[in-house]
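Okay, so here's the structure we're looking at.
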Amino acid sequence: MTPRTSVSARFFMIVSLGTALTLTACGISTQPQSASPTVSASASASVTGAPSPTSTAVYKPADAKGKAENVPVPVLPEAAKANTKEGVEAFARYWYDLMNFAYETGDLKPVNTVTGSGCASCSRVRPTVEEWNSGGKWIEGGKLSIVAADTKFTPDTGGNYQVIIQYHRQAISYHRSDGSVEQSSPKTSLQADIMIANFNNGAWTASNVDRIGG
């Protein structure tokens, strides 16, 4: 007599075999699938083709070892474009920023574009700026730090406005090409200039800038 358990075992085997055949026929595999090589290649290409970050030039002020590097050119502030009290005061500050730029780089073009040919202090400063930014020489320090710029905004008969600028000049050293110091001066006490400015063709120009009190 065949044991009852043999019938059950045979039935289980038949069902299991049928299930396996059904899964195979439907295209379903019970084996684990490997990662798609196409996806991996795309991801790799995406990472490889990513643009590298661009380096940004960093400003370095002049020191005892050498002249300033990567000095940014001052940008005319929006306020300085207006024919108003605030506008001419903002322009005066901008003008001194351009003068600081000239001291650091020897480039007088930006300040010359907004300055009249009759500027008294400019004619004294230009030779110094040009001389000490040539032949390997450089200027360390000397920044003009503005304390105040103020005007009553009352035009004279020629349509010119007076602006009083108060500032400190930082300590300054003039370096020869070998790095030695020709001359140096400490930070100055509070000084004052008077700027004569006029507004023509939609822009301010400094027709003259000179020291108050000589």
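Any aspartates and glutamates with Cα under 20 Å of the LYS152 Cα? List them, leaving off those in the same chain fewer than 8 positions away.
Cα-Cα hits under 20 Å: GLU86, GLU89, ASP193, ASP210.
Need the list of aspartates and glutamates near LYS187 for cross-linking: C-alpha distance under 19 angstrom, and skip anything on the same chain fewer than eight residues off.
Cross-link targets: ASP63, ASP97, GLU104, GLU140.
Averaged across orientations, what area in nm² does the convex hull of the alpha carbons in the range 107-166 project? Each step should come with its number before you reach the end.
Working: hull surface 21.9 nm².
Across all orientations, the range 107-166 yields a mean hull projection of 5.5 nm².
Quick one: net charge of LYS152's neighbours, Cβ under 15 Å, K/R +1, D/E -1? Please list the in-between numbers first.
Details: positive: LYS85; negative: GLU86, GLU89, ASP150, ASP156.
Result for the local shell: -3.
Taking θ = phi - 60°, what integer Hz values does the Karplus form 6.51 cos²θ - 1.76 cosθ + 1.60 yield along the range 105-114, in sequence order, with x for Gly and Pro?
10, x, 8, 9, 4, x, 6, 5, 5, 10
Which net charge results when you count Lys and Arg as +1 and Asp and Glu as -1 among the other residues whose beta-carbon is under 9 Å from that of GLN166?
Values: positive: none; negative: ASP150, ASP193.
Surrounding charge for GLN166 is -2.
Find how much the distance from SER134 to GLU182 grows on full extension, using 0.36 nm per residue of separation minus their present alpha carbon separation; answer in nm with one decimal.
Working: separation 48, 0.36 × 48 = 17.28 nm, distance 1.42 nm.
Length gained between SER134 and GLU182: 15.9 nm.
Taking the convex hull of the alpha carbon atoms in the range 161-214, what volume per residue do you get, in Å³?
Working: hull volume 6.7 nm³, N = 54.
It is 125 Å³ per residue.
Every number in this text was worked out from the coordinates using simple rules, so none of it is lab data. These numbers come from a predicted model, not from an experiment. When we count neighbours, we look across all protein chains shown, and the Cβ atoms used for this are built from the backbone with ideal geometry, even at glycine.
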